[in-house]
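In what follows, a single structure is set out as structure tokens and then discussed.
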Amino acid sequence: MQRSTRLPRRPTDHVEDLGAWVLGVLGCFLLLVAVLTGSAADQQVSEQGRAESAVSISVTAVLIEDAPLIVGGYDNPGPMTSAAARWIAPDGRECTGQVMVGAGRRAGSAVTIWVDRAGAVVDKPATAAGALLTGVSVALGLALADLCVVVIAWMVLRRLTTARNLRRWEREWERVGPGWTAGRH
């Protein structure tokens, strides 16, 4: 009969092995969910951008007053503010209203705005680049959250198995220790 050269394994070693497999599979599944969710977000924002582009048009507006000057900090060099402007609606009417422009723009400056068919100012439609950025941000955010869940679960498992091993070693030492150290003092 051949003897095994492997060291004996503690029950907690088997628990850790099982936990590593389960958390590994869970991590892969959650990563797949993150990628699919990011892809869905990209697709949704792209579709929204196409729908907005179908009902809005870019026009040139001319500021009829100076935009307020807002001093930006080091990390915010170009704050946006609103200023009165006029533009021609898609139906040919002249419209006036407040538009968002860079702070400090002068009256008479031309700015590009987006309007609906009635000439009302609307947000700029989402672009393909914006949709991609949204999708990647969603996927990376979820992947990071998933990684945190898996790492925390592994740390909890290791803490529990280490505590179990320490209690077991203490009980074994209480049984073996007195005989081990009896003749050494």
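The values are calculated or read from the model by the stated rules, or taken from the named source; none is laboratory data. None of the values given here were measured: they were computed from a predicted structure. Cβ: placed from backbone, ideal geometry, glycine included. Neighbour counts: every protein chain shown.
Points worth noting:
- Hey, ALA107 closer than 30 Å to PRO90 by Cβ, loosely packed, with under 11 Cβ neighbours inside 10 Å and out of contact with any Lys or Arg (no Cβ under 9 Å at 6 or more places or on another chain) or not: no
The rows are residues; the columns are (1) closer than 30 Å to ASP146 by Cβ; (2) surrounded by fewer than 16 Cβ atoms within 10 Å (Cβ to Cβ); (3) among the basic types (Lys, Arg).
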{"site": "PRO8", "(1), (2), (3)": "no, yes, no"}
{"site": "ASP17", "(1), (2), (3)": "yes, yes, no"}
{"site": "TRP21", "(1), (2), (3)": "yes, yes, no"}
{"site": "LEU36", "(1), (2), (3)": "yes, yes, no"}
{"site": "ALA54", "(1), (2), (3)": "no, yes, no"}
{"site": "SER58", "(1), (2), (3)": "no, yes, no"}
{"site": "PRO79", "(1), (2), (3)": "no, yes, no"}
{"site": "TRP87", "(1), (2), (3)": "no, no, no"}
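- Annotation note: of TRP173, TRP180, the sole residue that is exposed (fewer than 11 other Cβ atoms within 10 Å of the Cβ) and not charged (D, E, K, R) is TRP180.
- Of the criteria (1) of a type outside the set (A, V, I, L, M); (2) at pLDDT below 90; (3) under 14 Å from the mean Cα position of the chain (by Cα), which one CYS148 fails: (2)
- Of everything in the range 86-126 that is of a type in the set (A, V, I, L, M, F, W, C) and more than 37 Å from the chain's Cα centre (by Cα), the residue that is farthest from THR60 (Cα to Cα) is ALA107.
- Residue within the range 131-152 that is of a type outside the set (D, E, K, R) and either in contact with a Cys (Cβ under 8 Å, 6 or more places away or on another chain) or more than 30 Å from VAL33 (Cβ to Cβ) (or both) present: no
- With respect to (1) in contact with a Phe, Trp or Tyr (Cβ under 8 Å, 6 or more places away or on another chain); (2) surrounded by 11 or more Cβ atoms within 10 Å (Cβ to Cβ), the lone exception for ASP123 is condition (2).
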